[in-house]
Structures are given as structure tokens and as C-alpha cells.
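Asker: Would you mind keeping the following structure in view while I ask a few things?
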Amino acid sequence: MTNEPAVAFEAASKAYGPVRAVDGLDLAVPPGETVALLGRNGAGKSTAIGLLLGLDTPDSGRVRLFGGAPAGAVAAGRVGAMLQEGRPVPRVTVRELLTFVARTYPSPMPVAEALALAGLTALADRRVERLSGGQVQRVRFAVALAGNPELIVLDEPTNALDVEARQEFWDAMRGYARRGNTVLFSTHYLEEADAHADRIVVLDSGRILADGTGEELKRAAGGGLVAFDLAGGPTEWLGTLPGVTSVEIRGDRARLRTDDSDATVRALAARDAIRSLEVAPVSLNDAFLALTHKPAAALKEPEPTR
Amino acid sequence: MITAYVRLEVRRTLRDAGFTISTIGVPVMMYLLFTNLGTDDGSFATAAMVGMAAYGALGAALSLGTGVAEDKSTGWLRQLRVTPMTPRQVVTGRALTGSVVVLPAIAGVLLAGGLANGVRMAAWQWAAVALTLWLGSLPFTLLGIGNGYRLSAQTTGVVNVACNLGLAVVGGLWFPTVLFPSWLRTISEYTPTNRFAELGVAMTEGTAPGAGALAVLAVWTALFGMYAAVSYRRSARTV
């Protein structure tokens with residue numbers, strides 16, 4: 001095998017009417033890497049995944065899987081996918097479904113193994129439509145990996161999962177990634193991206209805002225956070241303090257993002273503005289917000305159900 | 001690959017209680033009801049048997065489209081697109097599924113004819129009737145698939161029921177067309193269902209199927225085939 005990237009977007013764009021859902025996306029994922037596509041709802045994650053799987057074609061630019069067209073890689077059985085939308089396929093058992101999916105691939109894993117990896121062994125003979133939401137999600141994961149593909153693509157895989165099911169899911173995913181497979185998943189949960197991906201690609205308005213490890217993103221967002229109580233004092237001068245890159249006032253509390261927290265704190269102390277002073281390294285959450293300049297509320301909104 | 005798909009889809013279809021009742025139960029019941037009301041010289045029991053078996057096959061073939069529309073709305077068709085199965089294999093598998101699931105519908109009514117109504121024919125005639133009805137259901141499978149790919153799940157259900165009842169009644173599957181006013185009888189002769197049943201009846205009488213019947217059916221098969229192909233192509237981009 002050559003060292004072709006498993007996934008490559010080359011200036012790919014896709015518009016729906018006036019909305020540029022994916023806007024000049026450039027991204028290469030080497031084989032064996034686990035990558036998170038992180039972004040708010042409507043950031044272009046699902047569109048990017050649709051292009052990647054050949055469900056859609058880009059208006060301009062191109063998408064390659066293992067050096068070829070997505071449709072070719074899919075037809076060759078090198079790709080498995082867990083799509084976001086959809087209800088479970090009715091009137092089949094879990095085992096029947098996985099047996100069928102496995103047969104469509106050239107070198108599938110044994111069905112028992114797919115069942116075990118997804119934690120479905122005990123549910124194998126149940127009808128898919130009679131399972132709970134979390135169980136159905138695991139079935140869809142099992143469908144994605146039943147063919148033993150080199151690349152699995154998971155669109156918001158942990159939607160509708162509770163905390164425990166989520167943990168089990170990620171354990172299963174890591175088990176699969178450890179075999180040297182490439183995994184690309186989308187999420188709007190920062191913690192998930194940070195905890196389970198080698199690399200985080202932050203998408204917003206169809207463009208890549210940042211690309212790196214969680215640590216790199218934090219560093220890119222700059223230094224630290226300094227917060228203190230204003231006690232009714234003026235706020236205009238805060239932006240002129242040394243190191244400060246952004247100012248946010250929440251009620252009576254000022255939150256300053258700074259790339260030199262020492263200098264900022266010294267300047268504040270000189271003005272005696274240190275009531276309830278707090279200095280913290282920037283969190284990934286703050287890093288993400290700094291990158292997207294959007295309020296935190298928008299980040300946690302549940303996906304609209306289709 | 002296609003075999004595995006057909007097996008899965010046949011299972012799914014036969015597990016649908018609505019499908020089984022409407023395509024096997026209802027035609028058998030209607031057949032027994034119609035043929036045992038009033039007196040009969042035996043010829044009606046045979047003709048009605050073919051008509052009702054054709055009706056069952058028609059319903060089964062069309063309901064395939066309802067299944068396609070359902071799979072479109074649940075996202076199953078989209079999921080299939082990310083497996084190595086090509087869309088062409090999927091639609092072929094669907095059509096083959098149709099050819100399998102019409103069989104119990106045909107067999108149900110023929111069994112009722114032979115066992116309950118004492119219809120007697122030579123063994124080759126039974127086989128010929130079954131085979132004719134089986135092959136002749138192809139245009140209806142295509143019509144169902146066309147509807148399924150083109151329309152939403154709800155609309156497909158309604159349209160398929162309308163096609164089913166309309167084609168069955170006008171085609172004379174329920175009541176012999178001799179009872180129709182002459183204008184309706186003329187229309188009836190151009191319906192695929194009427195000619196479909198005519199083929200089956202020809203087998204029961206041991207005569208060769210008429211050229212007119214074959215020509216009308218061929219035209220409908222081509223039309224429905226084009227309809228299915230166009231609908232499929234249009235929806236394959238959006239599924």
C-alpha cells in the first residue's frame with residue numbers, strides 16, 4: 001500500500017441554495033488516525049460526511065478516499081458508516097441485519113465478533129425496531145463495522161445515548177481504532193472530541209477554523225483567563241491592559257482572555273481591581289468559543305430530529 | 001450479495017402482518033365468498049380463481065413499492081448506499097423480492113380453488129396458471145417500485161391502494177367484465193390487469209394466450225418499466 005491519505009478533501013465546496021454548507025474544505029487524514037469533526041449544528045459536519053461517503057458530490061473541488069473516488073472505496077468495501085438520520089429498519093433481528101451487511105463486504109468480520117464489539121451479543125435475536133434508542137445506536141455502530149472496513153465514519157454517534165451507553169460506545173470505537181483502522185466522527189461535544197480523537201478539526205460555516213490536538217487548540221486560543229469582580233467599577237479600560245485579547249462582562253464579573261496572564265494580573269493589582277480574582281488556563285471549551293466567537297448556549301443545542 | 005439482500009427483504013415483507021393479510025388472506029376470503037354465493041356451474045369458480053389470484057399478485061407486487069417508500073423514509077435506502085451494494089443491485093434485489101412475495105398470494109387462491117371449490121385441471125395447467133400469473137406480475141412490480149421511489153411513504157400507500165383497487169375492478173379481477181356496460185368493457189380490455197387474468201384463464205382452458213393480451217401486457221410492462229427507471233434515477237440522487 002502507498003501512504004495515500006485515507007480521507008482527503010481538496011478545496012471541496014457544497015452549497016444548498018445560498019448556504020455554503022461546506023466551503024473550500026482542505027483536509028487529509030492519514031490511515032490509522034482517529035479524527036473528530038467538531039462544530040455546532042449547521043457547521044457543515046453532516047454535509048462534509050455526505051461528500052466523504054459519496055452520498056453527495058461537491059460543487060467544486062474533490063474528495064478522495066484511499067486515493068480514489070468515494071463511490072469506488074465504498075463499492076470496494078473499504079468504508080463503513082453510521083449515518084445520523086433514520087429510524088431502525090423494521091422487521092429484522094439484529095443478527096439477520098448484521099449477517100446481511102457483512103455479506104455485502106468482501107472480507108467481513110464474523111457476525112459474532114461485530115455483535116461482541118458493539119455489545120449486542122445478548123440482543124442478537126431481538127427485532128431491531130423493538131430496541132431502546134441506545135441499543136439501536138449500537139446496532140448502527142455494528143452495521144458500520146460489520147464489513148470490517150478500513151475506514152469508519154460516524155455522524156454524531158453518541159446522540160441519544162445516556163452517559164453509560166456513551167462510555168460503552170467509545171470503548172467499542174477505540175477497540176476498533178486500535179486495530180489500525182481509520183475513524184472519523186462528528187460531534188458537537190468538545191469533551192468527546194478531546195477524549196476520543198487523536199486530532200480535532202473544528203468546523204464552522206463549512207470552513208476549518210482549527211486543526212490539531214486538544215492541547216494545540218488550547219494553545220492556539222491563547223494563554224489564560226483572568227476573572228474578577230468589577231464592584232461597579234468602569235470597564236472601558238480593561239481592553240487596554242497588557243496581554244488582554246478579549247473582554248467579556250457577565251453581570252458584575254469581568255472575564256479577560258489574555259496571552260500573558262502574569263502581566264494582566266500585575267496591571268489589575270496596580271489598579272487594585274482584584275476582588276475575587278481568578279486565574280485559569282483556558283479550557284478547551286473557551287478555546288472553542290474563542291475560535292467560533294459564538295455563545296456557549298448555541299453549542300449544546302440538541303440536533304433537530306428529522 | 002443480491003441473494004442475501006433478497007432473503008432479508010423477503011423476510012421483512014412476509015413478517016409484515018398487513019402484507020400477509022391483504023395479499024393472501026383477503027383474496028382467498030373474497031374468492032371463497034364470491035364463488036359460494038348463489039349457484040355456479042363450476043366455470044365461474046375457475047375464472048374467479050384466476051381473477052383473485054391475479055388480484056393477490058397485483059396487491060403483493062404493488063405493496064413492494066410501499067416497502068420502498070418506507071425504506072426511503074427510515075433511511076434504510078441511504079444506509080444501503082454506504083454498503084458495497086450498488087444502487088442498481090438494490091433495485092434489482094427489490095424487483096426479485098417482488099417476484100418471490102407474489103408467490104404465496106397466487107398459491108393461496110389456487111389452493112383454495114383446488115381444495116375448497118373443487119376446481120379440477122390437468123397438472124400442467126395448474127403449473128401453467130401459476131407460472132403465467134407469476135411472470136405476468138412483473139409490470140405491477142415495476143409500477144409499485146416506480147411509485148415507491150417517486151412518492152413519499154404516505155402517498156405511496158394511498159396511490160398503491162388506488163392502483164390496486166382501480167386496476168382490479170376495471171380489469172375485471174373481481175367481477176367478470178361481461179357484467180360491465182360495453183364502454184367499460186372496452187376500457188377494461190386495455191388494462192394490464194384484464195390481460196394478465198386473460199393469460200391465466202387461457203391456461204385453465206388449455207388454449208394459447210392471445211396475441212392481443214401479450215401485446216397489451218408488453219406495452220404496459222415497457223411503460224411501467226420506464227416509469228420505475230425514471231423514478232428510481234430521480235430519487236437515487238436524493239435518497
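Asker: Filter segment B:81-93 down to the residues that are over 16 Å from B:Val10 (Cα atoms), in a helix (DSSP H, G or I) and in contact (Cβ under 8 Å) with a residue 40 or more places away in the chain, then identify the one that is nearest to the chain's Cα centre (by Cα).
Answerer: B:Pro87
Asker: Can I ask one more? Being in contact with a Phe, Trp or Tyr (Cβ under 6 Å, 6 or more places away or on another chain), within 14 Å of chain A (Cβ to nearest Cβ) and of a type outside the set (S, T, N, Q) is the filter here; which residues of segment B:49-67 pass it?
Answerer: Listed by number, the list is empty, since nothing qualifies.
Asker: Scan (1) more than 28 Å from B:Ala153 (Cα to Cα); (2) out of contact with any strand residue (DSSP E or B) (no Cβ under 8 Å at 6 or more places or on another chain); (3) away from chain B (no Cβ under 14 Å) for the single condition A:Gly77 breaks and write down its number.
Answerer: (3)
Asker: Those residues that are part of a loop (DSSP other than H, G, I, E, B) and facing chain B (nearest Cβ under 7 Å), I need them from segment A:80-89; list them, please.
Answerer: Within segment A:80-89, A:Leu83, A:Glu85, A:Gly86, A:Arg87, A:Val89 qualify.
Asker: Another question, then. Before we move on, is A:Gly133 surrounded by fewer than 20 Cβ atoms within 10 Å (Cβ to Cβ), touching a residue at least 60 places away in the same chain (Cβ under 8 Å), of a type outside the set (S, T, N, Q) and more than 12 Å from every other protein chain (Cβ to nearest Cβ)?
Answerer: no
Asker: Right, something else. I want to confirm something. Restricting to segment A:1-54 and keeping residues that are touching an Asp or Glu at 6+ places or on another chain (Cβ under 8 Å) and in a loop (DSSP other than H, G, I, E, B), which single residue is surrounded by the most Cβ atoms within 10 Å (Cβ to Cβ)?
Answerer: A:Gly39
Asker: Find the residue count for segment B:1-48, including only residues that are farther than 17 Å from B:Val161 by Cα, within 14 Å of chain A (Cβ to nearest Cβ) and outside any helix (DSSP H, G or I).
Answerer: 2
Asker: Oh, and also: Checking A:Leu291 against (1) within 30 Å of A:Pro18 (Cβ to Cβ); (2) outside the structural domain of A:Leu190 (by TED's automatic domain parsing); (3) buried (at least 20 other Cβ atoms within 10 Å of the Cβ), only one condition comes out false. Which one?
Answerer: (3)
To keep it simple, each residue is scored yes or no on (1) of a type outside the set (D, E, K, R); (2) without any contact (Cβ under 8 Å) to a residue 24 or more places away in the chain; (3) closer than 26 Å to A:Val201 by Cβ; (4) surrounded by 14 or more Cβ atoms within 10 Å (Cβ to Cβ).
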{"site": "A:Arg250", "(1), (2), (3), (4)": "no, yes, no, no"}
{"site": "A:Ala254", "(1), (2), (3), (4)": "yes, no, no, yes"}
{"site": "A:Thr258", "(1), (2), (3), (4)": "yes, no, no, yes"}
{"site": "A:Thr264", "(1), (2), (3), (4)": "yes, no, no, yes"}
{"site": "A:Ala267", "(1), (2), (3), (4)": "yes, no, no, yes"}
{"site": "A:Ser276", "(1), (2), (3), (4)": "yes, no, no, no"}
{"site": "A:Val282", "(1), (2), (3), (4)": "yes, no, yes, yes"}
{"site": "A:Asp286", "(1), (2), (3), (4)": "no, no, yes, yes"}
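Asker: Tell me, please, whether a residue that is within 23 Å of the chain's Cα centre (by Cα) and over 18 Å from B:Asp71 (Cβ atoms) can be found in segment A:79-88.
Answerer: Looking through segment A:79-88, at least one residue is within 23 Å of the chain's Cα centre (by Cα) and over 18 Å from B:Asp71 (Cβ atoms).
Asker: Filter segment A:100-128 down to residues that are of a type in the set (A, V, I, L, M) and within 11 Å of chain B (Cβ to nearest Cβ) and give me whichever is farthest from A:Leu161 (Cα to Cα).
Answerer: Once the filter is applied, the top-ranked residue is A:Ala102.
Asker: Return the pairs, sorted by first residue and then second, in which the second residue is part of a loop (DSSP other than H, G, I, E, B) and not charged (D, E, K, R), the first residue lies in segment B:107-120 and is in contact (Cβ under 8 Å) with a residue 40 or more places away in the chain, the beta carbons are less than 8 Å apart, and the residues are 6+ apart or on different chains.
Answerer: B:Gly113/B:Val119; B:Gly118/B:Gly42; B:Val119/B:Gly42
Asker: Return the residues of segment A:90-99 that are more than 21 Å from B:Thr86 (Cβ to Cβ) and more than 8 Å from every other protein chain (Cβ to nearest Cβ); say none if nothing qualifies.
Answerer: Residues satisfying the conditions are A:Thr93, A:Val94, A:Arg95.
Asker: Kindly indicate whether any position in segment A:58-72 is crowded, with 17+ Cβ neighbours inside 10 Å, part of a strand (DSSP E or B) and charged (D, E, K, R).
Answerer: yes
Asker: Looking at (1) over 19 Å from A:Leu203 (Cβ atoms); (2) within 14 Å of chain B (Cβ to nearest Cβ); (3) more than 20 Å from the chain's Cα centre (by Cα); (4) not β-branched (Val, Ile, Thr), which is the only condition A:Pro70 fails?
Answerer: Answer for A:Pro70: the failing condition is (1).
Asker: Taking the criterion of being in a helix (DSSP H, G or I), within 14 Å of chain A (Cβ to nearest Cβ), surrounded by 24 or more Cβ atoms within 10 Å (Cβ to Cβ) and modelled with pLDDT of 90 or more, would at least one residue in segment B:101-108 satisfy it?
Answerer: Within segment B:101-108, one or more residues are in a helix (DSSP H, G or I), within 14 Å of chain A (Cβ to nearest Cβ), surrounded by 24 or more Cβ atoms within 10 Å (Cβ to Cβ) and modelled with pLDDT of 90 or more.
The values are calculated or read from the model by the stated rules, or taken from the named source; none is laboratory data. Quantities reported herein were computed from a predicted structural model and do not represent experimental measurements. FYI the Cβ positions are ideal-geometry reconstructions off the backbone, even for glycines, and counts take in every protein chain you see.
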